[in-house]
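Colleague: My structure is below; once you've seen it, I'll send some questions.
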Amino acid sequence: MESQINMEADMSSAPIVLMAIAILFILILSIVLIRKGNKTMKNKAKIDRDGKSDNFSLSNLSMDELNDVIRSEPNNAEAYYYRGKAYYDLKEYDKAIEDFNQAIKLKPDFADAYRYRGCFFRRKTIYDKAIADYDKALNLKPNYAAVYDIRGYTFMMIEQYDKAITDYNKAISLEPTNADSIRDRGYVYQRMEKFDKAIEDYKKAIELAPDNAAHYGDLCIAYCNINELDKAISYINIAIEKDPNSAQAYCNRGQIYMWLNNFEAAIENYDQAIKLNPNMPDWYYNRASCHKILGKNANNIIADYEKIIELNPNDTDVLSFLASEYGLIGKYDLAMQTFKKLLKLKPNDVEVQHLIKEMELIQKK
């Protein structure tokens, strides 16, 4: 009987054992399939990099993934290029230039790499090397509109305006609906004081990109240059409607109101500009000037001058104004301290020395 019971127990456990074995085989088969699938994906990635979709697949890789590609394929020029672009976007320019150099070394006919290395040199204000790289990119890829655009910008920076216009004309002929190139050509015309042509380009840019607030701001500045301030106001108003968070737009409108002698409106605009960007010394100076013209509370003027000195401690003009304002409201100790700061910056300034002596006499009374 006992042996029968044991046999029954063994037989009852058999299905459990069989089930466990089956599950084990399923798990093993799953692992094999997953590994095979991963290998297939790796092979597919390799095919993508070697095939026509090469640039697309690499352009979507993360920095870590690009590092992996470079470790496994140290002669992959595209991988160095895309990692260089990633470093460039992160403002790690020294690392970017190393990768662009390596990409060009591995693939000397790599037009995109020359373009971005040129951008690196432009940012470093090494304009001759930037232009040389743009030239090389265009020799390799003659209809490269983006390079004509950026070379045009570089020529503008070194005040070779005719060459800049030629490049922008070429870029626009290749991409006639590119609002940015048309706007940039407007910048060049503005620097050349050809304001009618600048206005024409800015208006064309607005037609192509009507929601771009910056284009309206550009048009505003062009009208300011020809003293058509009513038109300037109308366009800066649209710019602010399109982008109510543009500190520069409020500043520009404040400046126009100053020219129109509407100092209250100017103050309101500088208030908003400073609220959005509190780190621009000139805006505080302009607001203080408006307060001073209106005869406003001297504390407002002093607060703006103090902020300027906080941002730029070596501004000797503002230190002089601040010391004078302290003196006007009877804060002679602060006036003396400020004049002494000024004297450290201008130790041979006879006028400052004279003002300090006068302040000492006032304090003795």
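Values quoted throughout were computed directly from the atomic coordinates according to the rules given, and no laboratory measurement underlies them. These numbers were taken from a predicted model, which means no experiment stands behind them. Note that we place each Cβ from the backbone using ideal geometry, even for glycine, and neighbour counts take in every protein chain shown.
Colleague: So if R0 is 56 Å, what FRET efficiency would Asn139 and Ile329 give, r being the distance between their Cβ atoms, rounded to the nearest 0.05?
Modeller: 0.25
Colleague: Say each of Asp89 and Asn227 gets a label point 7 Å from the Cα, pointing the same way as Cα to Cβ; how far apart are those two points in nm?
Modeller: 4.8
Colleague: Compute the length gained on full extension between Ser72 and Lys346: take 0.36 nm times their separation in residues and subtract their Cα-Cα distance, giving the result in nm to one decimal.
Modeller: Separation in residues times 0.36 nm, less the Cα-Cα distance, equals 92.5 nm.
Colleague: Working out 0.36 nm times the residue gap between Asn261 and Asp64, then minus their Cα-Cα distance, what length gain in nm do you get to one decimal?
Modeller: Difference between extended and current length: 65.2 nm.
Colleague: Multiply the residue separation of Ala298 and Thr166 by 0.36 nm, subtract the distance between their alpha-carbon atoms, and state the gained length in nm to one decimal.
Modeller: 42.2 nm
Colleague: For the range 321-365, what number of Lys pairs, 8 or more residues apart or on separate chains, have alpha-carbon atoms under 21 Å from each other?
Modeller: Qualifying lysine pairs in the range 321-365: 14.
Colleague: Let me ask another. Say the cut-off is 32 Å between C-alpha atoms; which of Lys129/Lys275; Lys129/Lys197; Lys91/Lys163; Lys124/Lys170; Lys85/Lys170; Lys163/Lys307 go over it?
Modeller: Lys129/Lys275; Lys163/Lys307
Colleague: Which net charge results when you count Lys and Arg as +1 and Asp and Glu as -1 among the other residues whose beta-carbon is under 12 Å from that of Lys203?
Modeller: -1
Colleague: Still on this structure, I have one more. Kirkwood hydrodynamic radius (Cα pairs, Å) of the range 321-365?
Modeller: The answer is 10.3 Å.
Colleague: Treat each spin label as a single point 7 Å out from the Cα along the C-beta direction, and report the Leu311 to Glu193 distance in nm.
Modeller: About 3.0 nm, to one decimal.
Colleague: I would also like to ask the following. For the range 296-365 and the range 153-198, write down the distance between their C-alpha centroids in whole Å.
Modeller: Computed from Cα coordinates, the inter-centre distance equals 46 Å.
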